[in-house]
Protein chains: 2
Amino acid sequence: MKSHLRRHAERVVHITAALVCALAFTTTITQAADDPLPSWNDGKAKQSIVDFVAKVTKEGSPDFVPVAARIATFDNDGTLWAEQPLYFQLFFALERVKALAPQHPEWQTKEPFASLLKGDVKAALAGGERAIVEIVMATQAGMTIEEFDKIVQDWIATAKHPKTGRLLTEMVYQPMLELLGYLRANGFKTFIVSGGGIEFMRPWTEKVYGIPPEQVVGSSGKLKFEMRDGKPVLVKLPELDFIDDKVGKPIGIQQHIGRRPIAAVGNSDGDQQMLEWTQGGGGARLMMLVHHDDAVREFAYGAESHIGTFSDALMAEAKKSGWTVISMKDDWKTIFPPEKK
Amino acid sequence: MKSHLRRHAERVVHITAALVCALAFTTTITQAADDPLPSWNDGKAKQSIVDFVAKVTKEGSPDFVPVAARIATFDNDGTLWAEQPLYFQLFFALERVKALAPQHPEWQTKEPFASLLKGDVKAALAGGERAIVEIVMATQAGMTIEEFDKIVQDWIATAKHPKTGRLLTEMVYQPMLELLGYLRANGFKTFIVSGGGIEFMRPWTEKVYGIPPEQVVGSSGKLKFEMRDGKPVLVKLPELDFIDDKVGKPIGIQQHIGRRPIAAVGNSDGDQQMLEWTQGGGGARLMMLVHHDDAVREFAYGAESHIGTFSDALMAEAKKSGWTVISMKDDWKTIFPPEKK
């Protein structure tokens, strides 16, 4: 027979365990009752997100999707963080050109470097994607991935936006941070699928978006494995491997993820094929495009922009296909997170 | 003041919650006490695994590795499943050549297809890696990834080993299934990094190894995005994109995962660079090579084999670098899991 003391001790353990459990239950209920998307105004965009998540997570429903297949892909520039007046990666590349110019006297007369070094960014980028790739490749080649990672980390820690003066890592969209968290809380795996450089994003996406390096898909250059002083290194070659834009996005998704997303969010013509690919899978799907229509709180641009072009054809496609167009002006209560002091 | 009934009901709830909690605690304790690697004989190999996991998971220890960085990469052929008398993917490719031969009259006289169709596999593969790639590419080109996925799934559901008569998916190593599970239970993310075709592995790795498609890295062909009857498809092109073998393994790891593994397991010369890359990261690292030295229960082969070659140079490298060589004969109590009825 149990002693009184032992019975008392057991009761204490039981009560403690019960409290722990009760607390866990309470927290869950409170979270569910709270609005998981507080920076989104009530409206079609927010509703389409909430409806979609409810459908695919409801067991037994015809639209139910098992956790393993809950893949959501997000463009980065203009979708998760701002992209005006220039893709932020270009700020980085321009600084690298200046830093490396002394070692490259030929850049003084060779485009797009000559224009860049004269401060004429517009002329330098007149060559379009080819010029951008050339700049990016030239400023990375020969470095090991660890060296490059360190340079990006050092730079991103202090790099500020030329207009707002805020850290670039604070020029991210608060409603998107909430959407990422909401999807993950509902069993989704969130991926970045961006035209930006994969090695440029990976050093900071986990901290800023909660997206780990292995869930980042992007454009990339070729790598070479070699031994330097008896230590293995991966060296960045001045040769393009993959452009993760337009038709490249579904291909990048297949190569890296190997499953079709059930949700995809973009903001430009470069994202159309990713959304088509997502929708083509059938069943409940969420396709969304961020429309930059808020000149006061962010930037207003569309078809005319050569950074993050949102063409009239894309808008027509969105309407025809039933994709959700997010108006930053109307759908977002807040654009950026509060400044860190 | 609470009624007696309500107090009674609350006590029932508390006791139930306490029981649930107590049960959860008990299960955890039981699991920890049990041997997580029952198919491994006590010895250096098993000890090196257990020691390594203890070190990197012990908070506050100098070797502690946060969960996010606990990346483990496994070769597939000869490491997770058998590879004799031929890489299993070749059984698949040979069947595809036969199935597709009527549409390719030119194969009757063109190598390596002509030899294959005559049943002379050895002559067909005399061309080495190039011949293998040619066969694999030719039997996949033009198909959409969904069509290919379906063909692989149908085939793997019934494909049997020519010697043992067992399903190929049962020709997996029981000790490795336990190792994968043990690492995952300790917060590791487990990846396959194989010279095999990425699209050939993805349809079944989750079911067989618990490794989802997005954690499979392999060799791949180029893809093309296009519209077929108004639906987006990804078509396999007859063009090699990436060979995930030898120096390709660290490159594939960097491209897909973007972090350096802290544990890597292979079995052949094709895995040397993956192990070097893993070890090069510094800190506690686990590098292991499976040695096929059990002619009775599996196959015995090494330097002389042209499938899964384990050269004398690799054995010397393993000794020099302190890599763990797993003797299938001595270190494994069981080789294959029990047959499913």
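Of all the numbered requirements in (1) facing chain B (nearest Cβ under 9 Å); (2) surrounded by fewer than 20 Cβ atoms within 10 Å (Cβ to Cβ), A:LYS249 misses one, and that requirement is (2).
Going through region A:144-179 one residue at a time, which ones are assigned to a loop (DSSP other than H, G, I, E, B) and aliphatic (A, V, I, L, M)?
Residues of region A:144-179 assigned to a loop (DSSP other than H, G, I, E, B): A:157-159, A:161-166, A:171, A:173.
Across region A:144-179, the qualifying residues are A:ALA157, A:ALA159, A:MET171.
Looking at region A:95-118, is at least one residue more than 14 Å from every other protein chain (Cβ to nearest Cβ) and under 25 Å from A:GLY252 (Cα atoms)? Checking region A:95-118: not a single residue is more than 14 Å from every other protein chain (Cβ to nearest Cβ) and under 25 Å from A:GLY252 (Cα atoms).
Of the helices (runs of 4 or more DSSP H) lying entirely inside region B:25-143, those containing at least 2 residues that are more than 25 Å from B:ASP245 (Cβ to Cβ) and not acidic (Asp, Glu) span B:44-57, B:88-100, B:113-117. Contact map, region A:153-171: first residue under 12 Å from A:GLN89 (Cα atoms), second residue of a type in the set (Ser, Thr, Tyr) and part of a helix (DSSP H, G or I), Cβ cut-off under 9 Å, separation 6 or more or different chains; pairs are A:ILE156/A:THR169; A:ALA159/A:THR169. Within region B:135-146, track down each residue that is over 13 Å from B:ARG96 (Cα atoms) and either without any contact (Cβ under 8 Å) to a residue 24 or more places away in the chain or surrounded by fewer than 19 Cβ atoms within 10 Å (Cβ to Cβ) (or both). The answer is B:GLY142, B:THR144, B:GLU146. Among the residues of region B:257-269, write down those that are buried (at least 24 other Cβ atoms within 10 Å of the Cβ) and either in contact with an Asp or Glu (Cβ under 6 Å, 6 or more places away or on another chain) or under 22 Å from B:SER311 (Cβ atoms) (or both). Scanning region B:257-269 gives B:ALA264, B:VAL265, B:GLY266, B:ASN267, B:SER268.
The rows are residues; the columns are (1) among the β-branched types (Val, Ile, Thr); (2) closer than 25 Å to B:ALA68 by Cβ; (3) facing chain B (nearest Cβ under 8 Å); (4) not in a strand (DSSP E or B).
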| site | (1), (2), (3), (4) |
| --- | --- |
| A:VAL217 | yes, yes, no, no |
| A:LYS222 | no, no, no, no |
| A:VAL235 | yes, no, no, no |
| A:PRO238 | no, no, no, no |
| A:ASP245 | no, no, no, yes |
| A:ILE253 | yes, yes, no, yes |
| A:GLY258 | no, yes, yes, yes |
| A:PRO261 | no, yes, no, yes |
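So in region A:275-304, with the set limited to residues that are under 16 Å from A:GLU317 (Cβ atoms) and at pLDDT below 95, which one is surrounded by the fewest Cβ atoms within 10 Å (Cβ to Cβ)? Among those that are under 16 Å from A:GLU317 (Cβ atoms) and at pLDDT below 95, it is A:ALA303. The single condition from (1) within 11 Å of another protein chain (Cβ to nearest Cβ); (2) assigned to a helix (DSSP H, G or I); (3) not β-branched (Val, Ile, Thr) that A:TRP204 fails is (1). Of the listed requirements (1) within 14 Å of chain B (Cβ to nearest Cβ); (2) assigned to a loop (DSSP other than H, G, I, E, B); (3) surrounded by fewer than 23 Cβ atoms within 10 Å (Cβ to Cβ), A:GLN272 misses just one: (2).
Going by what's in this entry, would B:ILE253 be described as of a type in the set (Val, Ile, Thr) and modelled with pLDDT under 95?
no
The set of residues from region B:214-231 being of a type outside the set (Gly, Ala, Ser) and more than 18 Å from A:HIS256 (Cα to Cα) comprises B:GLU226, B:MET227, B:ARG228, B:ASP229, B:LYS231.
Select, from A:ASP269, A:ASP244, A:ASP293, the only residue that is within 20 Å of A:ILE49 (Cβ to Cβ) and acidic (Asp, Glu). Before you say what the answer is, go through the steps one by one.
Values: A:ASP269 fails: within 20 Å of A:ILE49 (Cβ to Cβ); A:ASP244 fails: within 20 Å of A:ILE49 (Cβ to Cβ).
Only one candidate passes the filter, namely A:ASP293.
Candidates in region B:172-201 are the residues that are away from chain A (no Cβ under 14 Å) and under 12 Å from the mean Cα position of the chain (by Cα); of these, the one that is surrounded by the fewest Cβ atoms within 10 Å (Cβ to Cβ) is B:LEU177. Considering the conditions (1) out of contact with any Phe, Trp or Tyr (no Cβ under 8 Å at 6 or more places or on another chain); (2) without any contact (Cβ under 8 Å) to a residue 60 or more places away in the chain; (3) under 24 Å from B:LYS246 (Cβ atoms), B:ARG184 is excluded by exactly one of them, (3).
The values are calculated or read from the model by the stated rules, or taken from the named source; none is laboratory data. Source: prediction; values computed, not measured. Because the Cβ atoms are built from the backbone with ideal geometry, glycine has one as well, and the counts that use them run over all protein chains shown.
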